[in-house]
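Take a look at the structure set out below.
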Amino acid sequence: MFKIKPLLICCFAMATTSAIANAADVEIDINVEKPGAVLNKNIYGQFMEHLGRGIYEGIWVGEDSTIPNENGFRLDVLNALRDLEVPLVRWPGGCFADEYHWRDGIGPRDERARTVNSNWGGVIEDNAFGTHEFFEFAELLGAETYVNGNLGTGSPREMVEWLHYMTSDADTTIVRERKKNGRDEPFKVDYFAVGNESWGCGGNMTPDYYAELYKQYSAFLKAPEGNQPKFIASGGTDDQTEWTQVLTDKIKPSWSLRMDAVTHHYYTLPTGDWETKGSSTGFPEEQWYSTMVRTLKIEDYIEKNVAILEEVDPENKIGFYVDEWGTWYDVDKGTNPGFLYQQNTLRDAIVAGLNIHVFNRHAERVQMTVIAQMVNVLQAMILTDKEKMVLTPTYYAFKMHIPFQDATYLPVELSDSLIYQYGEDSIPGISASAAKAQDGNTYISIVNTQLEGNVEVTLDQVKQVKGQVLTSDKMDEHNTFDAPNNIQPSDYSAKVKNGKAVISVPAKSLMVLNLGKL
Ligand code: AHR
């Protein structure tokens, strides 16, 4: 075994050559003596927006559908999501949230309002999926709930009444209405956001204007003791910090106003250009690497926003959430541009792994993240085509990380991350994150970002090495409705001798390994 120095490579095309193939050797030390924050299970939150086939067809098919369903929820998807142990679901948007009027979605389905989904394809929204359906779905999954309120086109009264409808047990007209609609017990609202992307589709607001509105609305958002959601303020996107700054400046003088978290959005576009984002499959090697570079930018954005929160809130009362993240490509050919339907490949699984590693490193503040979105939209877990369903590489990446839900962060030190330089940006060849899980075992998640070259990784003081690896020869390997098992994780194990194990991390792979009780 021998080691090489980190390579400085001028461009992605070169980075794909076999310069490091089979040559690298990395030692990873897991510091079990210095456990960090609990990795909130809600880092694995999921987003279900009224967008394209994300809810209608993807989740909700109605009781009369020929697709097997439980109370209208398609069974194949429901069961796949149960296997995924989805901890949290966010609904109804996204941009849709700021045009959603909750009363349109309650009462007998055949009497519900028909509206136009102006954000997403201009299609008719028949409101068959509304408040009761959302909570029933979350209950079927055993997931926590995150409801996004309408600040853009709603009113304080509308928002207040919705919260009351969902959470109260008082004998009011609104609660009687909920009971008449079939639900005696209050719903459990775990999180409630005031608006979404208020800088854009949520109303083109400035941070100052939004902060004033947040103060106004939140003054009236009341829920009974014991059924209080955490209140979330809509923050910025990409490298923005001014939303966090203004919100904390304005809210701080009156901490009695509840702002439990500021939430941020960041999407990975391979090109960085919203006009031509790049394709979900059949992309050039350069876009593999640019996707990795752009994904990892999120760490700097998180750090800058968290630094602002640290200044005003050293006690860590306010969370920094990322309630929309993931890859965003040009829509797949032949699909409705408003439906944001894209294939999902091995590249997406690697992106998921890298994001998870970043979130874990900032878990004290990043107590929730929500990938966009759960089914049929953007970086989805599941794709459907009428009665057919496939699980994506991102689904498998999330499934492999289930032991990390509510695990305790353990710092890792790499003897060499095999850094690759691209202009001013760099990406590690090897990225890793470890945690002590609820079952007492220590798990490590490892990503090899490179298209060529297995990397030998040495782990010390481990008891066992048993887990799974997700990889393929093809960088855009994906599952299709005709070939749903093209890419799946395979079992992996390695021998341990005197506490030491040498594992071979394949090029373009994600591994999650159980190292035993350390
Ligand atoms: O996830 C798709 C859209 O992306 C959401 O509706 C919006 O919040 C963001 O711009």
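Numbers at a glance
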| item | result |
| --- | --- |
| DSSP-defined beta bridges in the chain - what % are antiparallel, rounded to 5 | 60 |
| Most to least accessible of CYS95, CYS201 (protein chains only, probe 1.4 Å) | CYS201, CYS95 |
| The chain, relative contact order in percent, only Cα pairs under 8 angstrom and at least six apart counted | 20 |
| Modelled FRET efficiency - R0 25 Å, LYS463 with GLN488, Cβ distances, 0.05 increments | 0.40 |
| Helical mean residue ellipticity (222 nm; -39500 (n - 2.57) per DSSP H run of 4+; nearest 500) of the chain | -7000 deg cm²/dmol |
| Solvent-accessible area per residue for the chain (1.4 angstrom probe, square angstrom) | 39 |
| Normalised per residue, the volume of the convex hull around the Cα set of the chain (Å³) | 144 |
| Student exercise, the stretch 41-406 dipole from Lys, Arg, Asp, Glu Cβ charges, in Debye to nearest 20 | 280 |
| Packing-based order for 424-431, 83-90, using average beta carbon neighbours within 10 Å, highest first | 83-90, 424-431 |
| Mean Cβ neighbour count within 10 Å, used as a protection proxy, ranking 408-417, 384-393, 173-182 highest first | 384-393, 408-417, 173-182 |
| Relative contact order (%) - criterion: Cα under 8 Å, at least six apart; region: the stretch 450-518 | 52 |
| Within the accessible area of the stretch 41-406 (1.4 Å probe), percent carbon and sulfur | 48 |
| Per-peptide average of other Cβ atoms within 10 Å, ordering 443-453, 148-158 highest first | 443-453, 148-158 |
| Proximal charge balance of GLY278 [Cβ under 14 Å; K/R count +1, D/E count -1] | -4 |
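The values are calculated or read from the model by the stated rules, or taken from the named source; none is laboratory data. Computed from a predicted model, the values in this text were never measured in an experiment. We place every Cβ from the backbone using ideal geometry, glycine too, and count neighbours over all the protein chains shown. To get the accessible areas, we keep the full protein, side chains included, count just its heavy atoms, and leave off ligands, DNA and RNA. Shrake-Rupley method; radii C 1.70, N 1.55, O 1.52, S 1.80 Å.
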